[in-house]
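Here the structure comes first, spelled out in structure tokens, and everything after it is commentary.
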């Protein structure tokens, strides 16, 4: 599949084949998870619910994501495609499910940049304000826009430039936080304790398992993107092996780092008062580094900035490649399938992604504030991602039951079932639906995200019904877009 047939009978060149190897593909998943930004902001957002038991919430998310990563890896080996999650669910469940999954997955990829660039904005503005009180923190939006333009430039020059940027930035942020976490563990001394892996330190309002499950919403957000390598299948070398290794390796490796760094911050700050830990100020990673290790705080600051840029870059890669896969079968407007003649990048899709990034970040950030906007966007992402992960787990069962000669009861039945069970509480918690006694409804404005996501999915369903009535092949083609076969437009 090297070219795409057009309605005029010509051919449109596809994405650049074999442009990147395992290292770049691995770091696509790593940077899509944004370890630096996740350690500094996404995971600490869960302390209000899990308190000092936050490391346990991280383990809950790690187990759930590892189970799903196994299913993604199995499906990627069978159906390597830029359509990724949509193609898997279309073939494993139904084309209509695949269409809606890609509809939601494009939204996830589009929401990741505003999420992390909001963090970039308030992190840089707060840091500058600490040294120059005349600089208003209300100018955070300047840095958010600057970050969006950097990502646009990197994506424009093609996947090689974009992926290599992610590799460099991702390696730096991981190194900084691991070193600082070791310092924290040494600093804690006799305060090191495995009690943080129990429910002993959950806050009064979210006692026991309730707090751990609610906190896991934000730890799942930290893992969100482990499957980010999958949409690069058409640009990776040996994608049937590379994508599977990248997805599983990124999930396990970064998961272990999340557990260690969260534990380190917990015991260094004090698990009994960990509910006061935050993503900025004195009670944060940067704050502790500043007060305890002098100039080392600057490396933490750089790691956070790097992570936000890298994660935004990875999110744009996901959204534009998924939109490209849908655009070339005309399920999305054809502009999303338009590639730059030299760099083979979906440059028009990149422009759209940049506009959406700036609109969402500034719209929510200026109406509320960047901190609240960050948590709101993160909640919306988890609602969609958790649902997609559950559907991919189910698709793994459905697909391999049909391809019985490769069916493995452990990998293709037990693991997906456990993955579904693991993600159900996180989904209900993020959506604010307290169907279980250990799930609490989220307070406003975070609770607004459930209806907002519901409206987006209903719009997708209405559009899908329209396509079924006018051009049903555009919906069914979602399951056919992979390396072995491609429908004619």
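Condition check ((1) over 30 Å from residue 387 (Cα atoms); (2) in contact with a strand residue (DSSP E or B) (Cβ under 8 Å, 6 or more places away or on another chain); (3) free of Cβ contacts under 8 Å to residues at least 12 places away in the same chain) across all residues:
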site: 106; (1), (2), (3): no, no, no
site: 117; (1), (2), (3): no, no, no
site: 121; (1), (2), (3): no, no, no
site: 131; (1), (2), (3): yes, no, yes
site: 134; (1), (2), (3): yes, no, yes
site: 141; (1), (2), (3): yes, no, no
site: 148; (1), (2), (3): no, no, no
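Looking only at helices (runs of 4 or more DSSP H) that lie completely in the stretch 371-489, which have at least 2 residues being closer than 23 Å to residue 88 by Cβ and modelled with pLDDT of 85 or more?
Correct list: 415-431, 449-470.
Looking at 256, 243, 179, can you tell me which residue is farther than 20 Å from residue 44 by Cβ and either surrounded by fewer than 22 Cβ atoms within 10 Å (Cβ to Cβ) or touching a strand residue (DSSP E or B) at 6+ places or on another chain (Cβ under 8 Å) (or both)?
When all the criteria are applied, what remains is 243.
Could you give every pair whose Cβ atoms fall below 8 Å, whose first residue belongs to the stretch 400-414 and is free of Cβ contacts under 8 Å to residues at least 40 places away in the same chain and on the phi < 0 side of the Ramachandran plot, and whose second residue is in a helix (DSSP H, G or I) and loosely packed, with under 15 Cβ neighbours inside 10 Å, counting only separations of at least 6 or pairs across chains?
Final answer for the pair search is 407/401.
Consider residue 77 carefully, then state whether it is surrounded by fewer than 24 Cβ atoms within 10 Å (Cβ to Cβ), at pLDDT below 80 and either at negative phi or assigned to a helix (DSSP H, G or I) (or both).
Spelling it out, it is not the case that residue 77 is surrounded by fewer than 24 Cβ atoms within 10 Å (Cβ to Cβ), at pLDDT below 80 and either at negative phi or assigned to a helix (DSSP H, G or I) (or both).
Name the single residue, out of those in the stretch 329-346 being part of a helix (DSSP H, G or I) and buried (at least 21 other Cβ atoms within 10 Å of the Cβ), that is modelled with the highest pLDDT.
In this case the residue turns out to be 336.
Considering only the stretch 57-96, state which residues are within 14 Å of residue 331 (Cα to Cα) and over 19 Å from the mean Cα position of the chain (by Cα).
Once the filter is applied, which keeps residues that are within 14 Å of residue 331 (Cα to Cα) and over 19 Å from the mean Cα position of the chain (by Cα), the stretch 57-96 yields 90, 95, 96.
Among the residues of the stretch 207-222 satisfying the criterion of being within 26 Å of the chain's Cα centre (by Cα) and over 22 Å from residue 32 (Cβ atoms), which is modelled with the highest pLDDT?
Per the criteria, the residue is 212.
Can you find a residue in the stretch 266-279 that is modelled with pLDDT under 85, farther than 20 Å from residue 137 by Cβ and either touching a strand residue (DSSP E or B) at 6+ places or on another chain (Cβ under 6 Å) or not in a helix (DSSP H, G or I) (or both)?
No, because not a single residue in the stretch 266-279 is modelled with pLDDT under 85, farther than 20 Å from residue 137 by Cβ and either touching a strand residue (DSSP E or B) at 6+ places or on another chain (Cβ under 6 Å) or not in a helix (DSSP H, G or I) (or both).
Here is a yes/no grid of residues against (1) at positive phi; (2) under 25 Å from the mean Cα position of the chain (by Cα):
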site	(1), (2)
270	yes, no
273	no, no
279	no, yes
288	no, no
294	yes, no
299	no, yes
307	no, yes
310	no, yes
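The values are calculated or read from the model by the stated rules, or taken from the named source; none is laboratory data. Every value quoted in this text rests on a predicted model; they were computed, and no experiment measured them. Quick reminder, even Gly has a Cβ in these numbers, built from the backbone with ideal geometry, and neighbours come from all protein chains shown.
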